[in-house]
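Working notes, beginning with the structure itself.
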Amino acid sequence: MTENRSLKIIGEKINGARKRVIQAIEKRDTVFIQELAVKQVEAGAAWLDINAGTRQSVEPDDLVWLVETIQPVVEIPLCLDSANPQALAAAIQVVERAPMINSISGDPHRLQSILPLVAEHNCQVIALAMNGKSIPELSEQRLEIVHTVMQAVRASGVPDEDVYIDPLAMTLATNAKSALITLETMRAIRQEFPDVHLTLGLSNLSFGLPARSYINRVFLVLAFAAGLDSVILDPLDREVRATLVAANLILGQDRHCLEYTRAFRAGLFNTSGATTGVS
Ligand code: THG
């Protein structure tokens with residue numbers, strides 16, 4: 001891997017699927033949400049994923065509240081995580097920095113309703129390699145969807161560099177080949193669309209399994225080597241972050257080992273039981 005692509009973090013913690021977060025949204029708990037935002041930025045997030053949950057009728061209001069609550073305390077762009085065009089359109093009106101939109105897919109309705117927003121506001125956009133609700137089993141089928149999506153993206157005037165394709169990782173608990181399929185899809189996308197970015201939700205792969213952190217960390221490195229250049233994860237997970245810093249170093253993304261040594265000095269590698277220096 002010779003390209004200059006370090007792995008950027010999309011912080012996942014502000015998500016209405018999490019009990020504590022949906023409670024905070026319902027109560028309009030500004031302090032809780034702002035702290036969760038700042039902590040993720042301090043841990044190195046390049047974007048914050050913002051998901052207001054699935055309460056359809058109130059999602060636009062909730063998403064707008066989240067944006068207005070988070071924006072004053074962070075300097076990084078947001079990643080608006082919603083399938084609801086009304087919620088996205090409302091949130092885009094109040095964002096200060098062009099956000100990433102999470103997400104479009106091969107679903108024609110989603111393409112038609114969301115792509116014009118992306119084009120008009122110069123957003124970046126995550127495109128899922130799926131149609132409708134089900135995720136295709138095979139890499140070839142996912143790639144076919146990516147072709148459809150990229151055709152629509154290019155027709156709408158959005159440049160390839162603004163697209164982040166999510167090849168999707170299903171849990172290994174139900175498909176032993178799940179990670180291999182995802183990696184194969186990523187390599188194929190890299191070949192055919194050299195200017196697009198790749199992203200994925202890291203923890204999907206280990207859903208339902210014990211000791212998830214090991215699975216997540218090994219997969220993170222394999223996916224990085226296959227061309228992943230951003231990843232949706234919990235930046236407060238120190239072990240994942242330590243792995244990421246080491247992977248950046250190994251894959252030629254850390255000139256003079258600066259990031260690595262800085263992380264060492266900051267104590268990132270002082271996880272319980274781990275050796276910290278020369279023994
Ligand atoms: N691709 C794209 N977007 C995504 C996903 C993806 N957005 C949502 C999700 N997947 C990634 N975000 C999260 C956010 C929170 C958690 C997991 C993924 C999370 N999960 C805890 C767990 O799994 O143990 C449980 C929830 C909790 O803490 O209460 O926190 O794949 N494009």
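A few comments on the model shown:
- Per-atom-type breakdown for the stretch 1-81 gives carbon and sulfur 47% of the accessible area (1.4 Å probe, protein chains only).
- Cα-based radius of gyration of the stretch 1-51 once divided by 2.2 N^0.38 Å, which approximates compact folds: 1.39
- Of the residues Q112, L249, V74, the one whose Cα sits farthest toward the positive end of the charge dipole of the chain, with +1 on the Cβ of Lys and Arg and -1 on the Cβ of Asp and Glu, is L249.
- Farthest toward the positive end of the dipole of the stretch 124-218, out of N175, V196, T185, is the Cα of N175, where the dipole comes from beta carbon charges about the Cα centre.
- Linear extension gain, A225 paired with E35, 0.36 nm per residue minus alpha-carbon span: 65.1 nm
- Projecting the Cα atoms of A46, G132, N84 onto the charge dipole of the stretch 42-141, computed from C-beta unit charges around the Cα centre, puts G132 farthest toward the positive end.
- Karplus-derived 3J(HN,Hα), 6.51/-1.76/1.60, for each residue of the stretch 196-211, Hz, glycine and proline x: 7, 9, 10, 9, 6, x, 5, 7, 4, 4, 9, 4, x, 10, x, 6
- Divide the volume of the convex hull around the Cα atoms of the chain by the residue count and you get 137 Å³ per residue.
- Here the Karplus curve 6.51 cos²θ - 1.76 cosθ + 1.60, taken at θ = phi - 60°, turns the phi angles of the stretch 97-112 into couplings of 9, 3, x, 8, 9, 10, 6, 9, 8, x, 5, x, 5, 5, 4, 5 Hz, with x standing for Gly and Pro.
- Considering the stretch 171-279 at the alpha-carbon level, its Rg and Dmax are found to be 15.1, 47 Å.
- Residues whose amide H lies under 5 Å from that of M100, counting only those 5 or more places away or on a different chain, are L78, C79, L80, Q124; hydrogens are built 1.01 Å from N in the peptide plane.
- Note that the stretch 239-253 has calculated 3J(HN,Hα) couplings of 5, 5, 5, 4, 4, 5, 5, 5, 5, 4, 5, 5, 8, x, 9 Hz, one per residue in order, obtained from phi through the Karplus relation 6.51 cos²θ - 1.76 cosθ + 1.60 (θ = phi - 60°); glycine and proline are x.
The values are calculated or read from the model by the stated rules, or taken from the named source; none is laboratory data. If you're wondering where the values come from, they're calculated on a predicted model, not measured in any experiment. Cβ: placed from backbone, ideal geometry, glycine included. Neighbour counts: every protein chain shown. Note: areas computed on protein heavy atoms with side chains; ligands, DNA, RNA excluded. Shrake-Rupley method; radii C 1.70, N 1.55, O 1.52, S 1.80 Å.
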